[in-house]
Amino acid sequence: MKFFKILLIMLFIVLPLTLFAKSQDKPKKAKTIAELVKMYDSSSCKDCHSDIYEEWKKSLHARSIFGPEHVGRTAATFKTTIELGLKDWQASGVKKPEDVRVKHLMICTKCHLPQLEEAEDSVAQEIVKHIYKFVDEGDENSAAILQQLNINCVVCHNRNAIIHKWTEGYPQKGVVYGTKDGDHPDSTYKKMKKSSVMKESILCGQCHGLGPNFEFDNPSQCATLYGSYLWSYVSEGGTKTCQQCHIQESKLGHNMQSYRSKELYEKAVDMKVDAYAYLWRDVVTPTPAAHVKVELTNKAGHVIPDG
Amino acid sequence: MPIPQQFGRGDKMGRGPYEKSGLIRETSLHPNKTKVEKFEIPLYTEEKKDDKIVRNPIAYDFIVDVELWYLPYGKKDDPDNSIMWKKYTKQINLAKGGK
């Protein structure tokens, strides 16, 4: 009898407590843009790393779902994806913008906002609402809200800092991954840990990818740089990393730039031209002509352009 | 990747990232490779004189401009999305006189 009593106690007290604890372990998903922004808040980083923070603010990473400042080309492409893609595809489940869910946006946000995985569909809805308000009406408030969603310090130095998670473990809460181990004087990110990939091209390759993203029900293809880096640069003996050219040699630091930056495009392509005029004889007809020879050499570690 | 393939099949170019899944034609510049393009430019006007074709120089002095542009959306008159990367200028001449 005593045994059954203990068993009952176990069933009614211990088991619910265990289940409650399990549900507490599961990370809560963001229900609003504001909650997602708070979950990935990197504003305290600027207190100590102000130079790096200011560099980053100038980069496209800082407005990864909005696009170039004032222009918002990326936001416009999100709208095109909904209007000409999702709404047009018979099995997508999207007939109107209000039908768009996280899973639909992920074909873009896998790279443009990977943390959207940690948000509920209500956040996808809010994002879509602001995209339409900005693109259709030029709403500045929507533009400002969209620019709060970005690839910031927390994304690269925590969420995406470990790639082989079965090998190295999952990124830990409150840890900033970089080049050192030790204490980190911040109230949220109290520890520093050395990341094995922070200086490696594969870190960037997570988003600046290989080609079609076949993991989606409807694959998208935006960035192909890591593919061309592996198969067209490293395969030919290239040894530099993305970080070497885009952070160090450009001297732009965390203002990682590409085709629109003078620092990068001046170094990326060599152009040699020769030109002269001459008189050609087309059988018997003297024919004035010019010859222009153009040689373009790509000195970057990937194809130009990609996409 | 200048001409991506729509849904990785057929002969149509994909419009945006949501449609691209392959390649129809690759004209990118590849790392550490040199692409050479040669241009022959006629410098004459043509007329018939005594039943013969005559090609007269349009001038004797010319300026050759070669510009390399980055046009992600294909238009030069789009100030937010067009950048001239390189420019080369040379004066060339046709010799006067002679036969």
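The values are calculated or read from the model by the stated rules, or taken from the named source; none is laboratory data. All figures in this text were calculated on a predicted structure; none of them were measured in a lab. Cβ: placed from backbone, ideal geometry, glycine included. Neighbour counts: every protein chain shown. Heavy atoms of the whole protein, side chains included, go into the accessibility calculation; ligands, DNA and RNA do not. Shrake-Rupley method; radii C 1.70, N 1.55, O 1.52, S 1.80 Å.
Ignoring ligands, DNA and RNA, how do A:Ser250, A:Ser235 rank by accessible area with a 1.4 Å probe, largest first?
A:Ser235, A:Ser250
Work out how much length A:Asp51 to A:Glu140 would gain on full extension: take 0.36 nm times their residue separation and subtract the Cα-Cα distance, in nm to one decimal. The partial results should precede the final answer.
On the way: separation 89, 0.36 × 89 = 32.04 nm, distance 2.72 nm.
Roughly 29.3 nm would be gained on extension.
Tell me, what is the 1.4 Å probe accessible area of A:Glu137, in Å² to the nearest 10?
130
Full-extension gain between A:Ser44 and A:Glu117, please, as 0.36 nm times their residue separation minus the C-alpha to C-alpha distance.
Numbers: separation 73, 0.36 × 73 = 26.28 nm, distance 2.33 nm.
Between A:Ser44 and A:Glu117, full extension yields an extra 24.0 nm.
Of all trypsin sites (Lys or Arg not before Pro) in region A:87-128, which ones are in loop regions per DSSP and have a Cβ with at most 11 other Cβ atoms within 10 Å? Show your work: numbers first, answer last.
Working: sites: A:Lys87, A:Lys95, A:Arg101, A:Lys103, A:Lys110; in loops: A:Lys87, A:Lys95, A:Arg101.
Within region A:87-128, the qualifying trypsin sites (Lys or Arg not before Pro) (loop, at most 11 other Cβ atoms within 10 Å) are A:Lys95.
Give the accessible area for B:His30 in Å² (nearest 10); use a 1.4 Å probe, count only protein heavy atoms, and leave out ligands, DNA and RNA.
60
Treating the beta-carbon of each Lys and Arg as +1 and of each Asp and Glu as -1, no other charges, what is the dipole magnitude of chain A about its Cα centre, to the nearest 20 debye?
Numbers: 40 positive and 37 negative charges, 213 e Å.
Computed charge dipole of chain A: roughly 1020 debye.
Would you pull out the residues with amide H under 5 Å of A:Ala119's amide H, same chain only if 5 or more places away, H placed 1.01 Å from N?
A:Ala30
Cross-link partners among lysines for A:Lys110, C-alpha distance below 16 Å, same-chain residues fewer than 8 apart left out?
List returned: B:Lys20.
Using just the helices of chain A, give the 222 nm mean residue ellipticity in deg cm²/dmol: DSSP H runs with n ≥ 4 each add -39,500 (n - 2.57), and the total is spread over all residues, rounded to 500.
Computed ellipticity for chain A at 222 nm equals -8500 deg cm²/dmol.
Mind checking the dipole of region A:38-155: about its Cα centre, +1 per Lys or Arg Cβ, -1 per Asp or Glu Cβ, Debye to the nearest 20?
Numbers: 15 positive and 19 negative charges, 66 e Å.
Taking the Cα centre of region A:38-155 as origin, the dipole is about 320 debye.
Using +1 at the Cβ of each Lys and Arg and -1 at the Cβ of each Asp and Glu in chain B, identify which of B:Thr34, B:Val66, B:Asn93 lies farthest towards the dipole's positive end.
Of the candidates, B:Thr34 comes out farthest on the positive side.
Provide the solvent-accessible area of A:Asp139, counting protein heavy atoms only and rolling a 1.4 Å probe, rounded to the nearest 10 Å².
So the heavy atoms of A:Asp139 present about 40 Å² to solvent.
Do any residues of region B:4-33 lose at least 50 Å² of accessible area when the full set of protein chains is present rather than just their chain alone, and if so which, with a 1.4 Å probe?
Residues shielded by partner chains are B:Pro17, B:Tyr18, B:Lys20, B:Ser21, B:Leu29, B:Pro31, B:Asn32, B:Lys33.
In whole Hz, what ³J(HN,Hα) sequence does region A:265-281 give by Karplus (6.51, -1.76, 1.60; θ = phi - 60°), x for Gly and Pro?
These are the phi-based 3J(HN,Hα) values: 6, 5, 7, 6, 10, 9, 10, 10, 10, 10, 8, 7, 9, 7, 10, 8, 9 Hz.
Express the accessible area of region A:27-153 per residue in Å², computed with a 1.4 Å probe while the remaining protein chains stay in the model.
Per-residue accessible area for region A:27-153 comes out at 49 Å².
Take every residue in peptide B:85-98, count the Cβ atoms of other chains within 10 Å of its Cβ, and give the average of those counts.
4
I need the phi-derived Karplus couplings for region B:67-80: 6.51 cos²θ - 1.76 cosθ + 1.60, θ = phi - 60°, integer Hz, Gly and Pro marked x.
Each residue's phi maps through the Karplus curve to give 10, 10, 10, 9, 10, x, 10, x, 10, 6, 8, 10, x, 7 Hz.
As a test of the definition: with a 1.4 Å probe, what buried accessible area, both sides summed, do you compute for A against B, in Å² to the nearest 100?
Interface between A and B: roughly 4900 Å².
What are the ³J(HN,Hα) values, in whole Hz, obtained from phi via the Karplus relation 6.51 cos²θ - 1.76 cosθ + 1.60 with θ = phi - 60°, for each residue of region A:37-54 in sequence order, with x given for Gly and Pro?
Per residue, the Karplus-derived 3J(HN,Hα) values read 4, 5, 4, 10, 5, 10, 5, 6, 4, 5, 4, 9, 10, 5, 5, 5, 4, 5 Hz.
Which residues of region B:35-52 bury at least 10 Å² of accessible area once all protein chains are present, versus their chain alone (1.4 Å probe)?
Residues losing area: B:Lys35, B:Val36, B:Glu37, B:Lys38, B:Phe39, B:Glu40, B:Ile41, B:Leu43, B:Tyr44.
Which residues' amide hydrogens lie under 5 Å from the amide hydrogen of A:Ala300, considering only partners 5 or more residues apart or on another chain, with H built in the peptide plane?
For A:Ala300, the qualifying residues are B:Asn32.
Of A:Lys57/A:Lys133; A:Lys180/A:Lys240; A:Lys28/A:Lys57; B:Lys52/B:Lys75, which ones are farther than 32 Å apart at the Cα?
Numbers: A:Lys57/A:Lys133 24 Å; A:Lys180/A:Lys240 22 Å; A:Lys28/A:Lys57 28 Å; B:Lys52/B:Lys75 43 Å.
Checking Cα-Cα distances, B:Lys52/B:Lys75 exceed 32 Å.
Sort B:Trp85, B:Trp69 by accessible area with a 1.4 Å probe, largest first.
Solvent-accessible surface, decreasing: B:Trp69, B:Trp85.
Quick query: amide H of B:Leu29 versus all other amide H atoms, modeled in the peptide plane; which residues come in under 5 Å with a sequence gap of 5 or more or a different chain?
A:Ile304
At a 1.4 Å probe radius, carbon and sulfur cover how many percent of the accessible area of the protein assembly as shown?
Working: 13470 of 24320 Å².
Here carbon and sulfur together make up 55 percent of the probe-accessible area.
Step through the table entries A:Lys38/A:Lys95; A:Lys129/A:Lys199; A:Lys31/A:Lys129; A:Lys58/A:Lys103, compare each Cα-Cα distance with 26 Å, and write down the pairs that go over it. Walk me through the intermediate numbers first.
Numbers: A:Lys38/A:Lys95 31 Å; A:Lys129/A:Lys199 37 Å; A:Lys31/A:Lys129 15 Å; A:Lys58/A:Lys103 29 Å.
Flagged as over cut-off: A:Lys38/A:Lys95; A:Lys129/A:Lys199; A:Lys58/A:Lys103.
What do you get for trypsin sites (Lys or Arg not before Pro) in region A:207-274 restricted to DSSP loop and a cutoff of at most 10 other Cβ within 10 Å of the site's Cβ?
Listed in order of number, the matching sites are A:Lys251.
Which value, in debye to the nearest 20, describes the size of the charge dipole of region A:203-262 about its Cα centre when Lys and Arg Cβ atoms bear +1, Asp and Glu Cβ atoms bear -1, and nothing else is charged?
With only Lys, Arg, Asp and Glu charged at Cβ, the dipole is about 380 debye.
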